[in-house]
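Worksheet for the structure shown next.
The values are calculated or read from the model by the stated rules, or taken from the named source; none is laboratory data. These figures come from a predicted structure and were not determined experimentally. Cβ: placed from backbone, ideal geometry, glycine included. Neighbour counts: every protein chain shown. Heads up: the accessible areas ignore ligands, DNA and RNA and are worked out on the full protein's heavy atoms, side chains in. Shrake-Rupley method; radii C 1.70, N 1.55, O 1.52, S 1.80 Å.
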Amino acid sequence: MSDPTQLPSQPRRVVIENVTPEVDRGRYAVKRIAGDVLRVEADVFADGHGLIACHLYYKRDEAAEWLSVAMEEQIDLRWRGEFELDEPGTYVYRLEAWLDHFASWRRDLEKRIAAGQDVALELRGGALMLREAAAAAPEDAAKNLRQRADVLEGGDWAINVRTALALDAELTSLMQRYAPREPLTAYDCGQRVVAERERARFGAWYELFPRSTSPIRGKHGSFETTIDWLPYVSQMGFDVLYLPPVHPIGHTNRKGPNNTPQSGPNDLGSPWAIGDETGGHKALHPDLGTLDDFRRLIQAARGQDMEVAMDFALQCSPDHPYVTEHPQWFKHRPDGTIRYAENPPKRYEDIYPIDFDTDDWQTLWQELLGVVCFWAGEGVRIFRVDNPHTKPFAFWEWLIANVKQTYPDTIFLAEAFTKPQTMYQLAKLGFTQSYTYFTWRNQKWDLTQYFEELTQGEPKEFFRPNLWPNTPDILHEYLQTGGRPAFVARLILAATLSAAYGIYGPPFELCVADPREPGSEEYLHSEKYELRHWDVTAEQSLKDVIARVNRARREHPALQRNDTLRFLELPNDNLIAYMKTSADDEDIVIIVVNLDPRNTQSGHVRVPLSQLGLPYDTPYVVHDLLDDAHYTWTNEWNYVELNPRVMPAHILHLRRSPLRDGIV
């Protein structure tokens, strides 16, 4: 901090503050998608009455030359400039502002002329500014400025010619380019924006255990049988097939069905207990297939317009090769034995957590980087990271940055259910997307408050939510007790509140709702510990509803972003309504969801017509994308009624074109 008692080298006249977007004053990158326009705003003001000029400078991080755009004052000293993120990569940007003495002189000259005052002396003062600018301009421009200065100074030129030249637009343009910019105020805290591919923002994930994909009940599935599932998953409209760990599973302390501490000879254990004598994190479970089989799965998924996401879990079974090759990477008890994972009173005897406090941490970090790069080299570009909040922040920032140096299109999803500050920090460090508290937000006030924070508060610049109504670890009470309507409601909330969402299937589309015991969020006969056989042709399946929801997401740009989410007035706490629009406001989608899975609920929803630029006195049509129904609405307040046993939600596309003669 500078000492205010000391004379400054150059007095600062202009202040730049409250710059948006930025994250922690430039410490971390803002997140956007390639093709987005980055709008930069700031409060810019100065002492006195002089006019201000403010420019936004930007470039690709690796480029040598800065580009610039003049920022414009909007209202109340708030200035705005923008530039396009035309391709993926990292961009840097900064602001510069200065007192524009020529513009101030020109403004005052116009006032003096309008008042009929003698401006001869003022014109001579302007000539001095032109000559000062000429001193720093290229020769052609300098010659032009000097010639104009000669005219302004007088000589044989008539006063009307001199004033016309002083107010000439070409002269203004020259002075904007070459006039001195002193004293200059620069705002440069290292602001960065990372532009990523579209999947970083928009996508529908489907979680599937490959070992449960066999068509024969009781038989272990494989990558080959998983390939057979791809058309089913694709027909529902999913973009990402997420696989829990597909590595060898340890034998020591293997868990049995329903997470029992004892296992039988035929029990498979948890895929998260990684490693046995056949290999560790760079190996595949032998029963699933070979590396060639895995490559065929990746290629087959691409053929269905899907990507395969892998689980990256930094833990080992007692049989993992790391345990014998690098025992220093694990915590030891006083008796010399390795400490297994615990979250008292829970105990995970089948897992050894990695000790990131080891003195050999540099070798450990390099090895784990090698694991991610190994699978990235095989074509995997999406990783769901298990419990990243229990590992050092510095590790993740380093690992993600290094992976993206070689594989810049890689996406990392943080599975961290912890304090908001910790979840936000992981996102700032480079995680592309993040799990959220959505699963536990089931009331209107809670959902509204939470998603206003995520989409309108500070987290919107760096935190991308990926919403999951269920996971292999989480079967919420709302789903346990609400029946099919609860599953549909949570599906639609997840798929429309956020551009990225996922389900753990097939339990979700089959409405599996049996907990291990009352009060538990664990599934009965959890797929984490045993094979399951799923009849996806069952009558109660939600696959058709899911397909309609995902089709709406793909066809409507409004549902492919989060920044335009706005909650709507609807005076019934059992009904929640919100709206999304596309970047150009041309695509408008209104969602209304009945949060009560047992009873019909009704009310009037307010459509903000003035905000949308629609007239109050003209009927308009909303088209329900779930059941293809059309409704004619008038004015702002319109009636909705939702029977959860029929369909607990509307996804309404609002047509901008007016209704003519009652014809839809």
## Note on the structure
Cα extents of the range 542-664 along the principal axes, largest first, in whole Å, come to 37, 30, 29
## Note on the structure
Counting only DSSP beta bridges with both partners in the chain, the antiparallel fraction in percent, to the nearest 5, comes to 70
### Task
May I ask which of K543/K580; K444/K528; K59/K460; K255/K282; K31/K346 have a Cα-Cα span longer than 30 Å here?
K444/K528; K31/K346
### Message
Two decimals, Cα atoms only, Kirkwood Rh: what is Rg/Rh over the range 395-464?
### Response
1.04
### Kirkwood estimate for the range 249-288, i.e. one over the average of 1/r between Cα atoms, Å
10.5
### Task
Give a quick list of chymotrypsin sites (Phe, Trp or Tyr not before Pro) in the range 551-652 that DSSP marks as loop, anything other than H, G, I, E or B, with at most 11 other Cβ atoms within 10 Å.
Y616
### Task
May I ask you to list the aspartates and glutamates whose Cα is less than 18 Å away from that of K404, ignoring any residue fewer than eight positions away on the same chain?
D61, E62, E87, E196, E198, E307, D311, E367, E378
### Message
Give me the net charge for the shell around F374: Cβ to Cβ below 14 angstrom, other residues only, Lys and Arg +1, Asp and Glu -1.
### Response
+1
### Task
Select one label from (i) 43, 28, 23; (ii) 57, 34, 20; (iii) 47, 36, 22: the one whose number is semi-axes √(5λ) of the Cα gyration tensor in Å as derived from the coordinates shown.
(ii)
### Summary
If R0 = 30 Å, then Y631 and D584, at their Cβ-Cβ distance, give a FRET efficiency to the nearest 0.05 of 0.80
## Note on the structure
Heavy-atom accessible area of the chain with neighbours in place, 1.4 angstrom probe: carbon+sulfur share in percent works out to 48
### Message
What does the C-alpha gyration tensor say about the overall shape of the range 551-615? Classify as rounded when a/c is under 1.5, otherwise prolate if a/b is larger than b/c, or oblate.
### Response
oblate
#### Entry: Gain on full stretching of the segment that runs from T20 to S520 - 0.36 nm per residue minus C-alpha separation
175.6 nm
### Query
So what's Rg/Rh here for the range 78-178, counting alpha carbon atoms and using the Kirkwood radius for Rh?
1.12
#### Entry: Where labels lie 7 Å past Cα in the beta-carbon direction, separation of A64 and T278 in nm
5.5
### Summary
1/(1 + (r/R0)^6) with r = Cβ-Cβ of T363 and H251, R0 = 30 Å, i.e. FRET efficiency to nearest 0.05, evaluates to 0.65
#### Entry: E224/V536 FRET efficiency (R0 22 Å; Cβ-Cβ; nearest 0.05)
0.80
### Message
Counting only Cα atoms, I'd like the Rg/Rh figure for the range 224-264, Kirkwood definition for Rh.
### Response
1.17
### Query
Does the range 262-407 come out rounded, prolate or oblate, given a ≥ b ≥ c as the square roots of the eigenvalues of its C-alpha gyration tensor, rounded meaning a/c under 1.5 and, failing that, prolate meaning a/b above b/c?
oblate
### Query
What percent of all Cα-Cα pairs in the range 136-180 falls in each 5 Å bin, counting up from 0?
5, 23, 31, 24, 13, 5
### Message
With every protein chain kept in place and ligands, DNA and RNA left out, what is the accessible area per residue of the chain? Probe 1.4 Å, answer in Å².
### Response
45
## Note on the structure
Applying the gyration tensor rule to the Cα atoms of the range 471-571 (axes a ≥ b ≥ c; rounded if a/c under 1.5, else prolate if a/b exceeds b/c, else oblate), the class is prolate
### Task
Starting from the range 521-606, pick out the GluC sites (Glu not before Pro) whose DSSP state is loop and whose Cβ has at most 11 other Cβ atoms within 10 Å.
E539, E586
